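Here is the structure we will look at.
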Amino acid sequence: SGTARVEGIINGSIFSNDTLIIAEGAVVNADINANTVLISGTVKGNIRASSRVEIRKPARFEGTVMAPSLIVEEGVIFHGTTKMRDKT
């Protein structure tokens, strides 16, 4: 629980009941399940967020996002699909 910040390399799965921050320069090859996900680094995998996902420049994302709210900043590289859903 609590906010977690990733600044390195992660392969596998990430679970959080709170906020997950993927810092600029971080590389994540994982499926992510969290309340809120804030991405500035590189993520390859599927994201399921119960609140929102924000992908901020200079992020790179490849995968599927399932969340009630998605924000993609101009300049982000986004290769994927989105599935919008109600908050749970």
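Annotations for the structure displayed:
- Label-zone membership for the range 44-60, site Ala23, 7 angstrom Cα→C-beta point, backbone N under 19 Å: 44, 54-60
- Probe 1.4 Å, accessible area per residue of the chain, Å²: 56 Å²
- Ordering 30-40, 56-66 by mean Cβ neighbour count within 10 Å, with the highest value first, yields 30-40, 56-66.
- Cα-derived Rg over Rh, computed across the chain with Rh taken as Kirkwood radius: 0.92
- With every protein chain in place, the chain: carbon and sulfur % of accessible area (1.4 Å): 45 percent
- Distances between placed amide hydrogens fall under 5 Å for Ile47 paired with Ile32, Thr64, Val65, Met66, all partners being 5 or more residues away or on another chain.
- Fluctuation leader among Gly25, Gly41, Gly12 - the chain, Gaussian network, Cα springs under 10 angstrom: Gly12
- Relative contact order, whole percent, for the chain stands at 20, derived from Cα pairs under 8 Å and 6 or more residues apart.
The values are calculated or read from the model by the stated rules, or taken from the named source; none is laboratory data. Note that the coordinates shown come from a computational prediction; the quantities given were computed from them, not determined experimentally. A quick note on method: Cβ atoms are made from the backbone with ideal geometry, for glycine too, and the neighbour counts reach across all protein chains shown. Quick note on the areas: whole protein, heavy atoms, side chains included, nothing else; ligands and nucleic acids left out. Shrake-Rupley method; radii C 1.70, N 1.55, O 1.52, S 1.80 Å.
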